Amino acid sequence: MAFVRAAKTGAVPQGAIAEFEVSGKSVAVANVAGKFFAINSVCVHEGGPLGEGALNGTVVICPWHAWEYDVTTGKIVGSPDGAERIACYPVEIRGDDIYVDVG
Ligand code: FES
């Protein structure tokens, strides 16, 4: 697919994560020290909204049952075999807009 505008950079301050609708998908955009990352916002456990979770460094904590995801890779932190992950999307900053390619 292609990059689609998700939000203004100002909508996601440093250290924050927020949820946006991009091409019909729920996407969580995180701002880690000024760099933006995007993952699928729907927790693989029971569908909790990751974009409403707490961001701790590069890790977002699902607000429902506290599963943890690395927003830079989509990997589930502490996953037994390290293989389970959530979709992680490419991000581009154009001017003061955040663009995400959800594929
Ligand atoms: S729905 Fe995310 S941890 Fe349960």
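Within segment 59-87, the residues that satisfy the criterion of being within 10 Å of the chain's Cα centre (by Cα) and among the hydroxyl-bearing types (Ser, Thr, Tyr) are 69, 72, 73. Of the residues making up segment 77-94, one or more are of a type in the set (D, E, K, R), at pLDDT 95 or above and part of a strand (DSSP E or B).
What tally of residues in segment 27-44 results from selecting those that are touching a Leu at 6+ places or on another chain (Cβ under 6 Å) and assigned to a strand (DSSP E or B)?
2
Within segment 1-10, restricting attention to residues that are in contact with a Phe, Trp or Tyr (Cβ under 8 Å, 6 or more places away or on another chain) and not basic (Lys, Arg), the residue that is surrounded by the most Cβ atoms within 10 Å (Cβ to Cβ) is 6. Listed by first and then second residue, the pairs linking a residue in segment 45-58 that is in a loop (DSSP other than H, G, I, E, B) to a residue that is aromatic (Phe, Trp, Tyr) and near the ligand (Cβ under 7 Å from one of its atoms), with Cβ atoms under 9 Å apart and 6 or more places separating them unless they lie on different chains, are 45/64; 45/67; 46/64; 47/64; 48/64; 48/67; 53/64.
Tell me yes or no: at least one residue of segment 1-8 is over 15 Å from residue 87 (Cβ atoms), assigned to a strand (DSSP E or B) and without any contact (Cβ under 8 Å) to a residue 24 or more places away in the chain. No. Restricting segment 48-70 to residues that are away from the ligand (no atom under 14 Å from the Cβ) and not charged (D, E, K, R), the residue that is nearest to residue 91 (Cα to Cα) is 58. Search segment 11-47 for residues being polar (S, T, N, Q), more than 16 Å from the ligand (Cβ to nearest atom) and surrounded by fewer than 18 Cβ atoms within 10 Å (Cβ to Cβ), and hand back the single one that is modelled with the lowest pLDDT. Checking each candidate, the answer is 23.
The values are calculated or read from the model by the stated rules, or taken from the named source; none is laboratory data. Because the structure is predicted, anything quoted here is derived from the model rather than measured. Note: ideal-geometry Cβ built from the backbone for every residue, glycine included; neighbour counts use all protein chains shown.
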